[in-house]
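Presented below is the structure to which this report refers.
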Amino acid sequence: MNTKYNTLLKSITMNELFKSNMKSLATGLGYAFALLFIFSACSDDDTPPTQVDEEEVITTLIVSLTNNNTGEQIELRSQDLDGDGPNAPVIQVSGNLTVASTYNGTIQLLNETVSPADNIHEEVLAEGAEHQFFYTQGGGLNISTQYSDVDSNGNPIGLAFTLATTAPSQGTLTFTLRHEPLKPNDGSLSGAGGETDISVSFPITVE
Amino acid sequence: MQKLLWVSMLFIGTLSQAQTCELIFSGIIEDQHDDSLLSQALITLVDTDYYTYSNELGEFSIENLCPGNYTLEVAHAQCKTRTFSIKIKENTSKVLKLEHHYEKLNEILLKGNPQRINKSTVVDYLDQTRLAEKSDQSLGELVSSMAGLSSMSTGKAIIKPAIHGLYGSRITIVSGEVRLEDQQWGSEHAPNVDINLAHSIEVIKNASALQYSGDAIGGFIVLKPQRIPVKDTIFGKTRISGQTNGQGGSIHAGLVKSTESGWYGALNGTFKRYGDFNAPNYMLSNTGLASNTLATRIGLNKFNYGLEFSYNRVFNNLGILRAAHLGGAQDQYVALNSPEPLIINDFTYEIDRPMQEVTHQIASIKSFVKSATFGRIDFRYDYQFNNRLEFDIRRGSDQNKASLDLDLETHSIGLDWAPQITGLSYLKTGFSGRYFNNVSDPNTGVKRLIPDYKRYDLGVFALAGKPVGERFEAEFALRLDYMNIKAFKYYYTALWEERNYDALFPEFELQSLGTQILTRPVFSYLNPSASAGLNWSIDQKNQVLLNFALGARNPNPSELFSEGLHHSASRIEIGDLQFESEISKNTSLSFKHSGAKLGLSINPYLRFIDRFILLEPTGIQQTIRGNFQVWSYRQADVFLSGVDYSLRYAYNPELIFDQQFSLVKGYESGFDGTPLINMPPAQLINAITYKSDRLNNMEIRLESSYTWRQNEFPDTNFEAFIPETQTLELIDVSTPPGAYHLMNLEVGYPLLKLGNGLSKLRLRAENLLNTSYRNYLNSNRYYADEIGRNLLLSFTTSF
């Protein structure tokens, strides 16, 4: 299609073409570098953005078990100060449980990325109807647990519970906090559904 | 340009004098709206025996005329017949303009020589007709019906277009000459464009269109706006659709006012609202969407200069399948082993968390000047503002707060210059500069997924086409891009050290803050890209295209800086500061046959990508929330090869058969060649279209689409401890779902003709057989089936 026009264009000399073209190109490039200069000139005095206060992270779970008879306290603690960061949680169990005893248990949840630490368990308690703790035994542990708190609908939350031991045994006890589980439920994790907010296993010995 | 040259030619023409009754009257017939050349127009000198037809180039000439006054009548099948009075006293040339009937306007605007550059590579089109039929869809959904294209999706609403399996920052999306900058690095970030604003869509399936960018190693999707005629007119269109699945619909209205003097204005609006979609056997809870678009253009279109201001705003509120929100590996195990989604609620229009609210605004200024001496110069400036809010399921006082709140501002300028050079079919050169500022709002109370950064780009390019003999045209393109990115990032100290960044990048460290460290990563990249190609027109009907394209893409912010839990994918994602640019070398060969009955396109390609950045599982991380799979970005040399094939056979003008097949294979280089993750499975589409005047021009199209199972995939399964059963269980996140076959039916019925306008009623039945299936490229495939049968009724009217 362009052959006709091209012939026509030959009447305009290449010299003329390039004179005007070079000028506009030079102007264009001038603008480009001016722009680049402005960009780089105004960028180095930037101040860093503030660090985010991580409001939702649960770094620490503390389970306090108090022996009803002796008053002896045992603490189970999982602490993960970098949240989703690469460090694994540090798990500590302060002692062994005694046979044929009943313990009162309470659960504390903390966000220690902020100072002072946030008490997340208060939020969980306030929204009790949307949360529930589950206690799962594994590896030969033989204990029994019972909820001792209720939400606004009379269903368990699990921040408070009782734990009873009988004979010596050894295994793991897993604390799972589910968000928006089915309530009421059959007490099993699979029956409750919801999303896992916390899942921590502690090695437990009853002697 | 053509017009201008023609005028110059007229001038030269009039210099020669002619004798009595030996005069020649010649000219060109052009379309008034877009200067396209009209062939087969009948030119008659009224009350004489003289008549002739215009040729392929719109040219005609009538010889042996006597001087005098004549009435000229020009008739064309698709245009209003027009008469002209002419006075001939010497050899005369004229450009005669015809106006198309309105209903043909769309077609003509499209065919108006849209592909003047990038001739050595296949450019696939979606024309106005196809767009209007499916304008309720998103861009990703729409283009996935084209050969070689697919979509990466998160449910029904969040759909990213993929070309040969490449998506996200590997694809450049251009809308109204503005390169879209809306955080396409995210796997669940759909492009924020409204296809109703496009008049046609072009897809280039390699990195060769260097006038737009050098880093589109997957290709380009170019949305072309409506070209506005220079004449006193007002026209518009309205489209209303409603559908059963999602129990919602869309409304679009557009109005254009233009004047003879060149001033014009256009206003467009789209509104979409859907509730929960449903799979054949259950509701897909929280998959509703709400979307609205407002777009306006105002401009002046003169013969040798033009100016346009435009503004558009796209807002999307997209629900994410409730059952896809999980808290770690044990939830994943339960969800994967459940045949149905774990959360199924009753239908609702309400869009709850998890969801996204994305607003994208573009303001642009475009101008051009053209002259016979320097050619055409285009200048563009655009400002884009993207705000992305992602709402997660949260606790306590944060419940209504977004978990992610990103603002990305982009300023871009571009200057293109296209001189006419003898011996070249085109030459285009230009530069572009861009500035990005990404700010993440710290008030979310969630560690930033993407750090605050500033980025500067500068690019220069040149493209040229040169005819070689009668049948060949060679193309060359070169581009150089410079990019500089400066970020502020808080890293977990443990990760900073684990990755050895403290030794590799000590200069980035600003301040140690206990478990976290504040860093200042600064990177620069200089990337060359190039393309060379050949277009061989064997004859009128057959064409062979060969193209080699070299593209380079910088790592995006997500690939560099990711570090932390990606909620919607239930995994921890880790980027790498040591990444270098990906280099893609693509060779594509195309054979095209365009006959009256048979149209055929076969397009094999081979693409080697050095340092391809891929995301894959590398381990398990323990957190207080349980175990999460860790996915790390990594670079590997890979190659992709495949073929796109499409065929159209018109048995007769009423009965047309279409066939389309796409296959792509991707492997890591080396002997054992691990398959690449998320490669689209092979797909075959067959369709029959019947259209007849006997049925009042009713059109019926039956489509069958078969998708094979993807049999080649990397094994990314892992084991997780399930406390309830005290066992380690396999979490199968890699096995692709099975093959599926879908049937679609469309019936279009022209209703009435009002003046120049046309109204059409269309019924579309998608997934006619209500098949339950899962799509390998949908990240919700782990949790739920795709949507079931959908009946859609649309009414379109143009005036």
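Identify all residues within segment B:292-314 that are surrounded by 16 or more Cβ atoms within 10 Å (Cβ to Cβ) and touching a residue at least 40 places away in the same chain (Cβ under 8 Å); write none if there are none.
B:T293, B:A295, B:R297, B:G299, B:N301, B:G306, B:L307, B:E308, B:S310, B:N312, B:R313, B:V314
Does segment B:204-212 contain any residue that is touching a residue at least 24 places away in the same chain (Cβ under 8 Å) and touching a Pro at 6+ places or on another chain (Cβ under 9 Å)?
No.
For the structure I just gave you, tell me whether B:F628 is more than 22 Å from B:A335 (Cβ to Cβ), of a type outside the set (S, T, N, Q) and within 14 Å of chain A (Cβ to nearest Cβ).
No; evaluated as a whole, the condition is false for this residue.
Of the residues that make up segment B:76-89, is at least one at pLDDT 80 or above, surrounded by 14 or more Cβ atoms within 10 Å (Cβ to Cβ) and outside any strand (DSSP E or B)?
no
Residue by residue through segment B:416-444, note down the ones that are within 8 Å of chain A (Cβ to nearest Cβ) and aromatic (F, W, Y).
B:W417, B:F431, B:Y435
Give segment A:182-196 a look and list any residue that's among the charged types (D, E, K, R) and either at pLDDT 90 or above or not in a strand (DSSP E or B) (or both), or say none.
A:K183, A:D186
Please pick out the residue among B:L777, B:L793, B:L768, B:L763 that is surrounded by 17 or more Cβ atoms within 10 Å (Cβ to Cβ), at pLDDT 95 or above and farther than 29 Å from B:S187 by Cα.
B:L768
State all residues of segment B:163-188 that are in a helix (DSSP H, G or I) and on the phi > 0 side of the Ramachandran plot; if no residue qualifies, say none.
If the condition is that a residue be in a helix (DSSP H, G or I) and on the phi > 0 side of the Ramachandran plot, then B:G168 is the only one that fits.
Of the residues B:G673, B:G642, which is free of Cβ contacts under 8 Å to residues at least 12 places away in the same chain, more than 14 Å from every other protein chain (Cβ to nearest Cβ) and in contact with a strand residue (DSSP E or B) (Cβ under 6 Å, 6 or more places away or on another chain)?
B:G673 is the lone residue from the list that is free of Cβ contacts under 8 Å to residues at least 12 places away in the same chain, more than 14 Å from every other protein chain (Cβ to nearest Cβ) and in contact with a strand residue (DSSP E or B) (Cβ under 6 Å, 6 or more places away or on another chain).
Take B:E616 and decide whether it is under 24 Å from B:S558 (Cβ atoms), of a type outside the set (F, W, Y), assigned to a strand (DSSP E or B) and out of contact with any Asp or Glu (no Cβ under 8 Å at 6 or more places or on another chain).
In short, yes.
Could you identify the single residue in B:S208, B:S250 that is buried (at least 21 other Cβ atoms within 10 Å of the Cβ), among the hydroxyl-bearing types (S, T, Y) and within 25 Å of B:L289 (Cα to Cα)?
One residue alone meets the criteria, B:S250.
When the residues of segment B:446-468 are filtered to those that are more than 28 Å from B:V522 (Cβ to Cβ) and of a type in the set (G, A, S), which remaining residue is surrounded by the most Cβ atoms within 10 Å (Cβ to Cβ)?
Of everything passing the filter in segment B:446-468, B:G465 is surrounded by the most Cβ atoms within 10 Å (Cβ to Cβ).
Looking only at residues in segment B:324-359 that are under 35 Å from the mean Cα position of the chain (by Cα), at the interface with chain A (Cβ under 10 Å from one of its Cβ atoms) and outside any loop (DSSP other than H, G, I, E, B), which one is surrounded by the most Cβ atoms within 10 Å (Cβ to Cβ)?
For segment B:324-359, the residue satisfying everything is B:Q332.
Would you confirm whether or not segment B:531-539 contains a residue that is assigned by TED's automatic domain parsing to the domain that holds B:I574, in a loop (DSSP other than H, G, I, E, B) and out of contact with any helix residue (DSSP H, G or I) (no Cβ under 9 Å at 6 or more places or on another chain)?
Scanning segment B:531-539, I find at least one residue that is assigned by TED's automatic domain parsing to the domain that holds B:I574, in a loop (DSSP other than H, G, I, E, B) and out of contact with any helix residue (DSSP H, G or I) (no Cβ under 9 Å at 6 or more places or on another chain), so the answer is yes.
Only one of these conditions is not met by B:L589: (1) touching a Pro at 6+ places or on another chain (Cβ under 8 Å); (2) among the aliphatic types (A, V, I, L, M); (3) crowded, with 19+ Cβ neighbours inside 10 Å; (4) under 30 Å from B:S425 (Cα atoms). Which number is it?
(3)
Going through segment B:540-577 one residue at a time, which ones are in contact with a strand residue (DSSP E or B) (Cβ under 6 Å, 6 or more places away or on another chain), assigned to a loop (DSSP other than H, G, I, E, B) and among the polar types (S, T, N, Q)?
If the condition is that a residue be in contact with a strand residue (DSSP E or B) (Cβ under 6 Å, 6 or more places away or on another chain), assigned to a loop (DSSP other than H, G, I, E, B) and among the polar types (S, T, N, Q), then B:N554, B:S562 are the ones that fit.
In segment B:480-507, which residues are in contact (Cβ under 8 Å) with a residue 60 or more places away in the chain and either in contact with a Leu (Cβ under 9 Å, 6 or more places away or on another chain) or away from chain A (no Cβ under 12 Å) (or both)?
Answer for segment B:480-507, where residues must be in contact (Cβ under 8 Å) with a residue 60 or more places away in the chain and either in contact with a Leu (Cβ under 9 Å, 6 or more places away or on another chain) or away from chain A (no Cβ under 12 Å) (or both): B:L480, B:D481, B:M483, B:I485, B:A487, B:K489, B:Y491, B:R499, B:Y501, B:L504, B:F505.
Need a quick list: strands (runs of 3 or more DSSP E) entirely within segment B:204-307 having at least 3 residues that are closer than 30 Å to B:F612 by Cα.
Fully inside segment B:204-307 and qualifying: B:219-224.
Select from segment B:360-375 the residues that are within 11 Å of chain A (Cβ to nearest Cβ) and buried (at least 16 other Cβ atoms within 10 Å of the Cβ) and write down the one among them that is nearest to B:D182 (Cα to Cα).
Residue satisfying both the conditions and the ranking: B:V369.
Answer yes or no as to whether B:L458 is in the same structural domain as B:H411 (by TED's automatic domain parsing) and touching a His at 6+ places or on another chain (Cβ under 9 Å).
For B:L458, the condition - in the same structural domain as B:H411 (by TED's automatic domain parsing) and touching a His at 6+ places or on another chain (Cβ under 9 Å) - is not met.
Give the residue, chosen from B:L404, B:L424, that is at pLDDT below 95 and under 15 Å from A:P49 (Cβ atoms).
Being at pLDDT below 95 and under 15 Å from A:P49 (Cβ atoms) holds for just one of B:L404, B:L424, which is B:L404.
In the set A:T174, A:T165, which member is touching a residue at least 60 places away in the same chain (Cβ under 8 Å), polar (S, T, N, Q) and in contact with a Ser or Thr (Cβ under 9 Å, 6 or more places away or on another chain)?
The conditions single out A:T165.
Condition test on A:D151, is it in contact (Cβ under 8 Å) with a residue 40 or more places away in the chain, surrounded by 14 or more Cβ atoms within 10 Å (Cβ to Cβ) and charged (D, E, K, R)?
No, not satisfied.
Residue by residue, here is whether (1) over 22 Å from the mean Cα position of the chain (by Cα); (2) over 24 Å from B:M355 (Cβ atoms); (3) free of Cβ contacts under 8 Å to residues at least 12 places away in the same chain; (4) in the same structural domain as B:N345 (by TED's automatic domain parsing) holds:
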{"position": "B:V178", "(1), (2), (3), (4)": "no, yes, no, no"}
{"position": "B:I201", "(1), (2), (3), (4)": "no, yes, no, no"}
{"position": "B:F235", "(1), (2), (3), (4)": "yes, yes, no, yes"}
{"position": "B:G248", "(1), (2), (3), (4)": "yes, no, no, yes"}
{"position": "B:V256", "(1), (2), (3), (4)": "yes, yes, no, yes"}
{"position": "B:W263", "(1), (2), (3), (4)": "yes, yes, no, yes"}
{"position": "B:L267", "(1), (2), (3), (4)": "no, yes, no, yes"}
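Does segment B:726-748 hold any residues that are in contact (Cβ under 8 Å) with a residue 24 or more places away in the chain and either in a strand (DSSP E or B) or among the basic types (K, R) (or both), and which are they?
The answer is B:E729, B:I731, B:Y740, B:H741, B:L742, B:M743, B:N744, B:L745, B:E746, B:V747, B:G748.
Filter segment A:170-207 for residues that are away from chain B (no Cβ under 14 Å) and surrounded by fewer than 18 Cβ atoms within 10 Å (Cβ to Cβ); which is farthest from A:G128 (Cα to Cα)?
In this case the residue turns out to be A:E207.
The values are calculated or read from the model by the stated rules, or taken from the named source; none is laboratory data. Keep in mind it's a predicted model, so treat the numbers as computed, not measured. Backbone-built Cβ (ideal geometry, glycine too); neighbour counts: all protein chains shown.
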